[in-house]
Every structure is written in structure tokens, then in C-alpha cells.
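Colleague: Provided herewith is a single structure, encoded as C-alpha cells, for subsequent inquiry.
The values are calculated or read from the model by the stated rules, or taken from the named source; none is laboratory data. Keep in mind that this is a model prediction, so the values were computed, not measured. For neighbour counting, all protein chains shown are included, and Cβ atoms are generated from backbone atoms with ideal geometry for every residue, glycine included. For accessibility, only protein heavy atoms count, side chains too; no ligands or nucleic acids. Shrake-Rupley method; radii C 1.70, N 1.55, O 1.52, S 1.80 Å.
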Amino acid sequence: MLVLVVDSSTPAVTAALAEVSADGVVLRASRCTVDARAHGELLAPQVDAVLADVGARPADLGAIVAGLGPGPFTGLRVGLVTAATMAQVLGVPTYGVCSLDGLGQPTAASHPAAASHPAAAGELVLAASDARRREVYWAVYDGAGRRVAGPDVAAPAVVAERARDLAVTVAVGDGAQRYADVLGLPVRAEPRYPDPLALARLAAERIRAGAPGEALTPLYLRRPDAVAATGHKPVLR
């Protein structure tokens with residue numbers, strides 16, 4: 001089955017095609033552009049591009065996988081609205097995956113640098129993405145990629161203390177890179193952003209089983225940066 005994967009939870013705008021079969025999951029095409037201000041402009045053309053890369057049409061898709069965040073409000077909703085709208089038009093199911101899970105998997109093999117540093121059996125990995133406001137979205141994963149803490153949002157110093165309590169040994173993600181000095185952990189160069197192959201693998205069991213499609217509920221974890229005004233300011237003095 002050909003599956004579209006989209007993620008817009010970070011500055012990286014990602015669209016990919018994965019082939020899900022009984023034998024495994026293979027990444028067929030992928031586009032990723034890092035631009036925190038252009039999610040809306042970039043995602044749809046990238047979806048068109050990955051379809052063209054493999055000579056497929058939207059009607060060839062059997063399911064859509066979307067990163068649910070956590071992420072900033074404006075960017076995250078672009079990916080979720082795109083996924084939900086396409087799924088409704090095409091009549092295919094949608095499956096959501098926590099975007100941080102796409103960072104914390106030991107099998108994120110679409111990144112050679114990540115594949116060269118597989119998680120040891122007892123190793124705990126901190127996955128952190130930039131949440132702005134001098135905070136990070138974070139979660140902790142064991143050597144099998146199972147989430148053992150989070151997702152949550154906090155200042156890097158708070159996350160560093162939590163990581164020490166859990167005996168975390170390494171970190172990944174753009175948030176970990178940005179605040180490496182505060183976190184005090186070795187930081188892997190990749191994956192820096194959620195890996196589409198990992199997201200597809202995390203949804204593969206549901207896809208193979210033909211599970212009912214899911215509502216794509218975003219993991220915002222906090223209120224949006226822009227809020228509606230609570231009152232009117234006088235324009236005349």
C-alpha cells in the first residue's frame with residue numbers, strides 16, 4: 001500500500017511516500033524543506049513532488065500518516081488540515097503519530113548518521129524540538145523506541161533536570177541542538193527533525209490491519225502564541 005506521510009510540527013516541512021507491505025516499510029520518496037514561516041506555501045507542492053517522483057497519483061494512496069506534534073500552533077495545523085482534507089477527498093484513512101516519536105526511534109534509518117549510532121539496549125534518548133519562547137517540546141525513549149516520559153513542553157533547564165533524573169545518555173532533535181549547552185548531553189547530528197520513515201513504521205501495524213481512520217488531534221501542549229483580544233482599545237482620547 002502506498003502511504004503519504006506529512007509532518008509540519010517543526011521548521012522542517014516534510015512530505016514523503018512510503019510503501020507498507022507485510023514484509024516491512026520502504027521509503028519511496030521524500031521532500032523536506034526547513035522554513036519555519038512557509039509551511040502553508042511548501043507542503044502541498046511537496047506532496048505533488050513526491051507523487052511525481054514515483055509516478056503516482058493521489059488516487060493511488062491507501063492511507064495518510066500525519067505527525068501530530070507537539071509543535072507551534074500555526075505550522076502544525078497546516079500538516080493536519082492538509083492530511084485530513086486529502087483523506088476526506090480520497091476516501092482513505094488517516095493515522096496520527098506523535099512527531100517526537102519520529103525522533104526517538106532507534107530504526108530511523110533514512111538518516112545514515114542516525115543509523116550509525118543505534119540505541120543500545122539500556123540507553124535512554126531525549127528527543128527535543130524547538131518550542132520557541134525559549135522552551136522545548138520533549139520526550140524520552142528507551143532503546144526499543146518506546147516513550148517512557150513526555151511529551152511535554154518546558155524550559156531547557158527543567159528538561160535537563162528531568163533527563164538527569166531519568167539517567168538519559170544522549171539527545172536528538174533541533175531543540176537538543178539549540179540548547180545543547182543547557183541540556184548537558186551528547187547530541188546526535190541526526191535525526192534533527194521527525195523522520196518520515198519512522199512515522200510510517202509507527203503507523204504500519206494499524207495500516208496493515210485496516211484499522212479505522214483516526215481524527216488527527218494536534219498535540220499543542222500550550223496555548224497558541226497569538227490569542228484573540230479580550231477587549232477593545234479606544235481609538236479616540
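Colleague: Among the residues of the range 44-63, is there at least one that is modelled with pLDDT of 95 or more and in contact with a Gly (Cβ under 6 Å, 6 or more places away or on another chain)?
Modeller: Taking the range 44-63 and keeping what is modelled with pLDDT of 95 or more, we get 44-63.
After this cut, where a residue has to be in contact with a Gly (Cβ under 6 Å, 6 or more places away or on another chain) as well, the list is none.
Within the range 44-63, not a single residue is modelled with pLDDT of 95 or more and in contact with a Gly (Cβ under 6 Å, 6 or more places away or on another chain).
Colleague: Could you pull out the residue among Pro151, Pro194 that is crowded, with 19+ Cβ neighbours inside 10 Å, at pLDDT 95 or above and not in a strand (DSSP E or B)?
Modeller: Testing whether each residue is crowded, with 19+ Cβ neighbours inside 10 Å, at pLDDT 95 or above and not in a strand (DSSP E or B) leaves just Pro194.
Colleague: Within the range 56-77, count every residue that is without any contact (Cβ under 8 Å) to a residue 24 or more places away in the chain and part of a helix (DSSP H, G or I).
Modeller: Initial filter on the range 56-77 (without any contact (Cβ under 8 Å) to a residue 24 or more places away in the chain): 57.
Now restrict to residues that are part of a helix (DSSP H, G or I): none.
Looking only at that region, the number is 0.
Colleague: Further question on the same structure: Of a type in the set (Lys, Arg), in contact with a strand residue (DSSP E or B) (Cβ under 9 Å, 6 or more places away or on another chain), in a helix (DSSP H, G or I) and crowded, with 20+ Cβ neighbours inside 10 Å: is that true of Arg201 in this structure?
Modeller: Yes: the conditions hold for Arg201.
Colleague: Going by what's in this entry, would Ala22 be described as in contact (Cβ under 8 Å) with a residue 40 or more places away in the chain and loosely packed, with under 14 Cβ neighbours inside 10 Å?
Modeller: So Ala22 fits the description; yes.
Colleague: Restricted to the range 129-148, and to residues that are of a type in the set (Lys, Arg) and not in a strand (DSSP E or B), which residue is most open to solvent (accessible area, probe 1.4 Å)?
Modeller: Out of the qualifying residues, it is Arg134.
Colleague: How many residues does the range 111-130 hold that are at pLDDT below 95 and within 15 Å of the chain's Cα centre (by Cα)?
Modeller: Kept after step one, since they are at pLDDT below 95, are these residues of the range 111-130: 111-123.
If we keep only those that are within 15 Å of the chain's Cα centre (by Cα) as well, we get 111.
Count: 1.
Colleague: Same structure again: Take the conditions open to solvent by 30 Å² or more (accessible area, probe 1.4 Å), of a type outside the set (A, V, I, L, M, F, W, C) and over 19 Å from the mean Cα position of the chain (by Cα) and apply them to Ser30. Does it pass?
Modeller: For Ser30, the condition - open to solvent by 30 Å² or more (accessible area, probe 1.4 Å), of a type outside the set (A, V, I, L, M, F, W, C) and over 19 Å from the mean Cα position of the chain (by Cα) - is not met.
Colleague: Tell me which of these Arg133 doesn't satisfy, since it passes every other one: (1) at pLDDT below 95; (2) touching a Lys or Arg at 6+ places or on another chain (Cβ under 9 Å); (3) at negative phi.
Modeller: (3)
Colleague: Criterion first (touching a residue at least 24 places away in the same chain (Cβ under 8 Å), surrounded by fewer than 21 Cβ atoms within 10 Å (Cβ to Cβ) and part of a helix (DSSP H, G or I)) does Ala44 satisfy it? Working first, answer last.
Modeller: Working: touching a residue at least 24 places away in the same chain (Cβ under 8 Å): yes; surrounded by fewer than 21 Cβ atoms within 10 Å (Cβ to Cβ): yes; part of a helix (DSSP H, G or I): yes.
For Ala44, the condition - touching a residue at least 24 places away in the same chain (Cβ under 8 Å), surrounded by fewer than 21 Cβ atoms within 10 Å (Cβ to Cβ) and part of a helix (DSSP H, G or I) - is met.
Colleague: Name, by its number, the condition in (1) modelled with pLDDT of 95 or more; (2) within 15 Å of the chain's Cα centre (by Cα) that does not hold for Gly75.
Modeller: (1)
Colleague: Under 7 Å between Cβ atoms, at least 6 apart or on separate chains: pull out the pairs that start in the range 160-178 with a residue that is more than 16 Å from Arg134 (Cβ to Cβ) and end on any residue that is part of a helix (DSSP H, G or I).
Modeller: Ala163/Leu183; Ala171/Leu183
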